[in-house]
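To start, the structure under review is shown below, and the notes come after it.
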Ligand code: SF4
Ligand code: SF4
């Protein structure tokens, strides 16, 4: 399960612009530039934008984070303030939270953490989940607990199994490694 931001072709909501935010140029891989997740792109001018704006890869052109496209997200959710970038996986519709590794616990602050818990609860009925990444290390946020699943490599995936218990519906989470499926 490798999330590719370039798979998201989206239009910014009215009035939304990146302004001084450049966090997506740090937190995601950019394969064509051999830029790993969690390190600033060599072309990024942090706080100012892209140094090769006219010729930036298609991967970068296509991408807008959720704060850019969802006008209902308040200003504190802007990635340069929250220290994480929200996206939706186009295949699974899971909510992905890609955190600035310089502030790996930013997502645990409120109002964010409480909201992630609410989203985790409401998404459960549709078998969707909230998954937090710090570089490639993933944590699944469930209504009753958070499950650290470790590094998600290329081809790895997550399996979710619902269980009805005396305390309600619980979800078991398991990493399925690409090597195991080979
Ligand atoms: S993280 Fe979002 S708001 Fe920030 S630069 Fe990227 S697309 Fe723009
Ligand atoms: S090429 Fe430009 S837009 Fe793409 S990651 Fe680097 S700085 Fe950001």
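The values are calculated or read from the model by the stated rules, or taken from the named source; none is laboratory data. Because the structure is predicted, anything quoted here is derived from the model rather than measured. Here the Cβ positions follow ideal geometry from the backbone for every residue, glycine too, while neighbour counts run over all protein chains shown.
Structure notes:
- Of all the residues in segment 14-40, those that are within 11 Å of ligand 1 (Cβ to nearest atom) and surrounded by 12 or more Cβ atoms within 10 Å (Cβ to Cβ) number 10.
- Here residue 128 fits the description: assigned by TED's automatic domain parsing to the domain that holds residue 73 and either over 17 Å from the mean Cα position of the chain (by Cα) or assigned to a loop (DSSP other than H, G, I, E, B) (or both).
- Filter result for residue 65 (within 10 Å of ligand 2 (Cβ to nearest atom), modelled with pLDDT of 95 or more and crowded, with 17+ Cβ neighbours inside 10 Å): no
- Residue in segment 76-91 that is within 11 Å of ligand 2 (Cβ to nearest atom) and over 13 Å from the mean Cα position of the chain (by Cα) present: no
- Residue within segment 104-111 that is outside the structural domain of residue 47 (by TED's automatic domain parsing) and buried (at least 17 other Cβ atoms within 10 Å of the Cβ) present: yes
- Only one entry of 84, 63 meets the criterion of being within 18 Å of residue 134 (Cβ to Cβ) and in contact with a helix residue (DSSP H, G or I) (Cβ under 6 Å, 6 or more places away or on another chain), and that entry is 84.
- Top-ranked residue of segment 137-170 - restricted to ones that are in a loop (DSSP other than H, G, I, E, B) and touching a helix residue (DSSP H, G or I) at 6+ places or on another chain (Cβ under 7 Å), ranked as farthest from residue 38 (Cα to Cα): 143
- Within segment 51-60, tally of residues that are more than 8 Å from ligand 2 (Cβ to nearest atom) and closer than 18 Å to residue 34 by Cβ: 2
- Condition met for residue 44 (under 30 Å from residue 156 (Cβ atoms) and either modelled with pLDDT of 95 or more or more than 9 Å from ligand 1 (Cβ to nearest atom) (or both)): yes
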